[in-house]
Amino acid sequence: MKIRYIYLLIVFMFIAMSCDESFLEVSPTDKLTSETYFETEDDFVAAANGVYGAQFLWRQQMEFFPMIDMATPAAVHGGGRYKYWHQGNSGATPEDLIRSHVLSVYWRQWWFGIGRANELLYRISVVDDGVFKSEELKNRIKGEALFLRAFFYFNLTYIWGDLPLQTEPTGGDNYFPTKVSHSKIAEQMIKDLKEASELLPSVKEYRNTDNVGRANSGAALALLGKVYCFEERWSEAETALNKLIKTGDYALTPGPTGFNDQFWSEGENGIESIFEFQYTAGTGDALGNAFASYCSVASIDGLGFGYGYIQPTDWMLDKFETVKGYTVTSTFDSVKADGSFAFSYSSADPDFDPDSAFKNRDPRLKWTIMYEGSPYVKEKFPDKTFAATDPDESNFATVKYVVHQKSSMQSEMNLVVLRYADVLLLYAEALMEQNKLGDAVKYVNMIRTRESVKMPVVTSSVASNQESLREFIHNERIRELAFEYGHIFYDLRRWSDSGGKNLWLKEMQNYWTANKLGWNNAAAQFDSHNILFPIPQNEIELNPNLKQNEGY
């Protein structure tokens, strides 16, 4: 069963988010407001569903994740809708994002979620004795609100940096808040997630029940560990992630196709899933997963509605080694007459055949990138074909989440936010950064040697050198987590190379050179201020106290 986010109930929560006293005196007394709504346990459950529901307004997740990975060298946009995001084509610049309607919507929806969480937490704190018959339910709802507030802030602060910090319902003097430092936002996330991890039940209480998909203690610990890693607080990250691992609540998806199974509807909410957003088909666009339509190309989509909005690049392709662990290099040669791209391929692997460059590669390649002759197409769509000419700006398409749909924008495939492989690799990273190299390698090898991957273990030369192991873990996260929930985007922006240069900036400058994929672009002119996105201009105009990020 999946959580149903019922919008009529959501509305109740915010009819009177906050009003001054004089307004309340003249308001009709027979209307439902937030003052009169929170009277039963069911009211609080519906309000908690409303906090989750912030993720579904305007198909928000489908418009942002996983497509934000196109703002890295891993992918380009298709169809022209996101031309300001990947900055590869025709000289589009990051400054153009300031007036991007799409980006403005993401900003607003996450703030909606924070406002809803704040209202719910406030109502829990002032609720009359006797409303909650179950202290366990009260704790669960509070824990969900704290987790989701931290989650919304995570998305905001690691894209925009310094932000207003609001933990109370909107009203009074906080209609036009000023920014606080990112470090204060991080501390609030940590505080919320620590408390949530203690209030929420284990995922084992939710599996195979109507509550599957709700935030659980493991989700809070996973996001807590992630925040610690992003803040480079490695020992604290180790502690939080180790606590999660020791619960035994999760495992890597078993079986010869386990890696891909979790991105097919039959594998939803499985043993590896820590937190995923729940979708259902046949009830309208608001509750259906639209990403299958957005990312799939029309030749594969079950009903011909594929838009191909995200198309992997050769940069992403080269992250997948040969089955013997050798790297492969793709070199762009030219644009063909049919509009596809000509590449040449090379590798030091003695068994590598440049004319069959996709064969004998890391199995995760075929379950991440769709290419001409892809066995994924033959396995999952035997009546379909895929050619390099099907995508309009790359030879490739994405695979994860591409499932048959009941109608346009109507996939029931869930969106995976946190899974156990992510946790294991974060844990390995935290250990490596503390120079516990042997322990770190153990967890990387767990990812690489599972039945559905069976890649070689980390070599002794890499395992014994911190700098080499750091680079290896970075690449392992990219190939494992590509096009799922913005992991490449967030990770590249938090990492630096051995010389201290931001890795996202370095990779963008190195990849988007003139004539890359036949484009005359300006991406190589990026500088450090582009690491953070600009605050949408309409938000600056609405709030006189909100200052634009430096450099825009």
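The values are calculated or read from the model by the stated rules, or taken from the named source; none is laboratory data. Model, not experiment: these values are computed from the prediction. Because the Cβ atoms are built from the backbone with ideal geometry, glycine has one as well, and the counts that use them run over all protein chains shown. Heads up: the accessible areas ignore ligands, DNA and RNA and are worked out on the full protein's heavy atoms, side chains in. Shrake-Rupley method; radii C 1.70, N 1.55, O 1.52, S 1.80 Å.
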### Task
Would you mind working out the magnitude of the charge dipole of the stretch 196-275 relative to its Cα centre, with +1 at each Lys and Arg C-beta and -1 at each Asp and Glu C-beta, to the nearest 20 Debye?
160
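Taking 0.36 nm per intervening residue step and subtracting the Cα-Cα distance, what contour gain separates Thr247 from Asn515 on full extension?
Result: 91.4 nm gained on full extension.
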#### Entry: Proximal lysines to Lys442, defined as alpha-carbon separation beneath 16 angstrom and excluding residues fewer than eight positions away on the same chain
Lys246, Lys454
### Dipole moment magnitude, nearest 20 debye, the stretch 348-399 about Cα centre, only Lys, Arg, Asp, Glu C-beta charged
300
### Task
Ignoring everything but the protein chains, give the 1.4 Å probe accessible area of Tyr122 in square angstrom, nearest 10.
90
### Query
From the backbone phi of the stretch 362-368, what are the Karplus-calculated ³J(HN,Hα) couplings (6.51 cos²θ - 1.76 cosθ + 1.60, θ = phi - 60°) in whole Hz, Gly and Pro given as x?
2, x, 5, 4, 5, 9, 10
### Task
Please sort by residue number the trypsin sites (Lys or Arg not before Pro) in the stretch 199-236 whose DSSP state is loop and whose Cβ has at most 15 other Cβ atoms within 10 Å.
Arg207
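Going down the table (Lys142/Lys436; Lys226/Lys319; Lys138/Lys547), which pairs top 29 Å between alpha carbons?
Working: Lys142/Lys436 37 Å; Lys226/Lys319 23 Å; Lys138/Lys547 38 Å.
Over 29 Å apart, Cα to Cα: Lys142/Lys436; Lys138/Lys547.
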### Message
Please list, in order along the stretch 316-326, the HN-Hα scalar couplings obtained from phi with the Karplus expression 6.51 cos²θ - 1.76 cosθ + 1.60 (θ = phi - 60°), rounded to whole Hz, x for Gly and Pro.
### Response
5, 4, 6, 6, 9, 6, 6, 5, 8, x, 8
### Task
Convert each backbone phi in the stretch 67-78 into a coupling constant with the Karplus relation 6.51 cos²θ - 1.76 cosθ + 1.60 (shift: θ = phi - 60°), then list the ³J(HN,Hα) values in order as whole Hz, x for Gly and Pro.
5, 5, 5, 6, 8, 9, x, 6, 7, 10, 7, x
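To the nearest 20 Debye, how big is the dipole of the stretch 466-549 about its Cα centre, given +1 on the beta carbon of each Lys and Arg and -1 on that of each Asp and Glu? Each step should come with its number before you reach the end.
Details: 9 positive and 11 negative charges, 28 e Å.
Rounded to the nearest 20 debye, it is 140 debye.
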### Query
In whole percent, how big is the carbon plus sulfur part of the accessible area of the stretch 300-353, probe 1.4 Å, protein atoms only?
51
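For the stretch 300-341, what is the Kirkwood hydrodynamic radius in Å, using each pair of distinct C-alpha atoms?
Values: mean 1/r = 0.0763 Å⁻¹.
So the Kirkwood estimate lands at 13.1 Å.
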#### Entry: Of Thr449, Met432, Pro536, farthest towards positive along the dipole that unit charges on Lys, Arg, Asp, Glu beta carbons give the stretch 431-552
Thr449
### Query
Quick one: how many Å² of Leu163 are accessible to a 1.4 Å probe, rounded to 10?
0
